[in-house]
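The values are calculated or read from the model by the stated rules, or taken from the named source; none is laboratory data. Keep in mind the model is a prediction, meaning the values are calculated, not measured. Using ideal geometry, Cβ is built from the backbone for each residue, glycine included, and neighbour counts are taken over all protein chains shown. For the accessible areas, the whole protein counts, side chains as well, though only heavy atoms, and no ligand, DNA or RNA atoms are used. Shrake-Rupley method; radii C 1.70, N 1.55, O 1.52, S 1.80 Å.
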Amino acid sequence: MYPGKDALEFADRPAIIMAKSGRTVTYGEYEANSNRLAHLFEQSGLEYADHVAYFMENNARLFECEGAAERSGLYYTLVNSFLSPDEAAFIINDCLAKVVITSAAKLEVAVQLPALCPAVERWLIVDAVNDVPGFERYEEAIEPFPTTPIEHERMGQAMLYSSGTTGRPKGIYRGLVDAGPGDDQKTALSFAVDRWGFREGMVYLNPAPLYHSSPQSSVAAAIRLGATSVIMEKFDAAFFLELIEKYHVTHSQVVPTMFTRLLKLPDEVRTAADVSSLEFVIHAAAPCPVPVKYAMIEWLGPIIVEYAGTTEGMGMYTCNSEEWLAHPGTVGRPLFGDPVILDEEGNALPPGTPGVIWYPGADFEYFGDPEKTAAAYDPTGQMATAGDIGYFDADGYMYFTDRQSFMIISGGVNIYPQEIENLLITHPKVMDAAVIGVPNDDFGEEVKAVIEVVPGVEAGPELEKELIAFCAQKLARFKLPRSVDFVDELPRLATGKLYKRLLRDAYWADRPNALA
């Protein structure tokens, strides 16, 4: 988020283009407003390693807010813009934010936050047409300050929170690097340049919410390189294809649910789309069903790159299309982290045998929560886990099986929902699928599928039978859903992750002692 002196060389180049509104921010405007806000932070008494928080949708102003913190030696937390007042307040309070910046689009929730967050010293709101009691208008607040850098720029960084799909969100904390904000630019960009072909002059299309680590870091890299980023306010599959053609997009990063929605567009829409400008399509954040990825590579060519990792930064895996085609279903080889696969007794497991993935040498903590931090590490404190289950193949490629917390234990047998979900999503009548364990008096748990159908498809007992029979063609009997429920929309986060806890809790509400 720090183009620094380079921004002056291409001041008129678009840094950000908002896809729907067309609102454009040049590098000159970005640099000027980032500096203004940095001066405001300094004037507000914020000191090195203090915290600020931003609660807004995909908004053009968000980037300059991030850039201001990164050049002021501050931690900044991006709050999920879909949260309720209580949920947003939890993160703002937990991260110890002294200044919070929100937007007019989030006004209904934002106006409730000051009463819930008494430690916040200053509230600002962007794009406000009218005065909002308790909030300063952002544009008026930064206007008096200089457009030149503050005297002592220091590097700040994001302190992001886990998605909270299995419990309360947790802030992932790391110490700041004592350097100027541009000093580590080459190192910070090397991964994106080497693995994803990021470069000056590229056009990066972001279809995902910016409070999540993957899109946030990708747009940050694009800005550091002087590239142009097109930001979708909300993902729409057909509009995504239109934007590629309109702006000659070269790079984009998506999640597998976006692949699914692209593939389920009418054939005439997909075949008419000019995607020839694309050089790299990156995907992450959630497992991608094998048939879906095969179809995307067939459509776009071998330009799809996958990576997987943890927000905690314990490790990362990556593979290109050629590697994936040779090892279908893999998330790639370890890039860093040196992971090991262990059973419940801590014994190393051979290739092909799933177990808990542990990362020796992990170094992170959950902000202000030593108990959760300790729970992520082994008794020696030398290894940590995010609770993922997976295995290596004989060539050293990793395959994620599921999360420990999502595993179903039925009659003492371990069942991994991800395998069943990946099959169900390939059925032509299924738009989205979730598989959970629900109570069974004899076996403890049984497998249930929760399905969102394709528009125009009738949900009901006949489709339930059809889907179970479809699974029976590919899965062992003990893995088959015993029942299927239908919903209008699954609680999937905009990042692609399924908010499975919400689904599961509804079925276990009268058995609190059985909840994981």
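Say each of D6 and D378 gets a label point 7 Å from the Cα, pointing the same way as Cα to Cβ; how far apart are those two points in nm?
4.0 nm
First compute the accessible area of segment 283-415 with a 1.4 Å probe, then give the percent of it belonging to carbon and sulfur atoms.
54 percent
Find, among the GluC sites (Glu not before Pro) in segment 309-390, those assigned to loop by DSSP (not H, G, I, E, B) with at most 11 other beta-carbon atoms within 10 angstrom.
The qualifying sites are E344, E345.
Under the 0.36 nm per residue contour assumption, what length would be gained going from the current alpha-carbon distance of S21 and Y48 to full extension?
6.1 nm
State to the nearest 20 debye the size of the charge dipole of segment 249-379 about its Cα centre, where the only charges are +1 on K and R beta carbons and -1 on D and E beta carbons.
Computed charge dipole of segment 249-379: roughly 540 debye.
Once amide H atoms are placed 1.01 Å from N in the peptide plane, what residues at a sequence separation of 5 or more from A49, or on another chain, have their amide H within under 5 Å of its amide H?
The list, which skips near neighbours in sequence, is L74, Y75.
What distance in nm separates the two pseudo spin-label positions at N347 and N130, each 7 Å out from Cα along the beta-carbon direction?
6.9 nm
Looking at the chain only, what percent of DSSP beta bridges run antiparallel? Nearest 5 please.
50 percent
Can you compute 3J(HN,Hα) from phi for each residue in segment 46-54, using the Karplus curve 6.51 cos²θ - 1.76 cosθ + 1.60 with θ = phi - 60°, rounded to whole Hz and x for Gly and Pro?
5, 10, 3, 6, 6, 10, 10, 9, 10
Restricting to segment 1-102, what percent of DSSP beta bridges are antiparallel, rounded to 5?
25 percent
Round to the nearest 0.05 the FRET efficiency obtained for D338 and A469 when R0 = 51 Å and r is the Cβ-Cβ distance.
0.70
For the chain, what is the mean residue ellipticity at 222 nm derived from helices alone (per DSSP H run of n ≥ 4: -39500 (n - 2.57); sum divided by total residues; nearest 500 deg cm²/dmol)?
-8500 deg cm²/dmol
Relative contact order for segment 332-422: what percent, with Cα pairs under 8 Å and sequence separation of 6 or more?
Worked out over segment 332-422, it gives 25 percent.
Please work out the average accessible area per residue across the chain, using the 1.4 Å probe convention, and give it in Å².
Value for the chain: 43 Å² per residue.
For N59, what charge total do you get from the other residues with a beta carbon under 15 Å from its beta carbon, if Lys and Arg give +1 and Asp and Glu give -1?
Cβ neighbours under 15 Å give a net charge of -1.
Assuming R0 = 45 Å, what is the FRET efficiency of H248 and V487, from their Cβ-Cβ distance, to the nearest 0.05?
0.70
Show me the chymotrypsin sites (Phe, Trp or Tyr not before Pro) within segment 36-89 that DSSP assigns to loop and that have at most 16 other Cβ atoms within 10 Å of their Cβ.
Here the chymotrypsin sites (Phe, Trp or Tyr not before Pro) that fit, given the DSSP loop and packing criteria, are Y48, F82.
Hey, any idea what % of segment 35-128's accessible area is carbon plus sulfur with a 1.4 Å probe?
It is 51 percent, rounded to a whole number.
Tell me the label-point distance for the pair D236, T271, using the 7 Å Cα-to-Cβ offset, in nm and rounded to one decimal.
Placing both labels 7 Å along Cα→Cβ, they lie 2.4 nm apart.
Taking H placed 1.01 Å from N in the peptide plane, check which residues at least 5 places from M431 or on another chain put their amide H under 5 Å from its amide H.
E452, V453, V454
Just in segment 1-80: which GluC sites (Glu not before Pro) are loop by DSSP and have at most 15 other Cβ atoms within 10 Å?
E47
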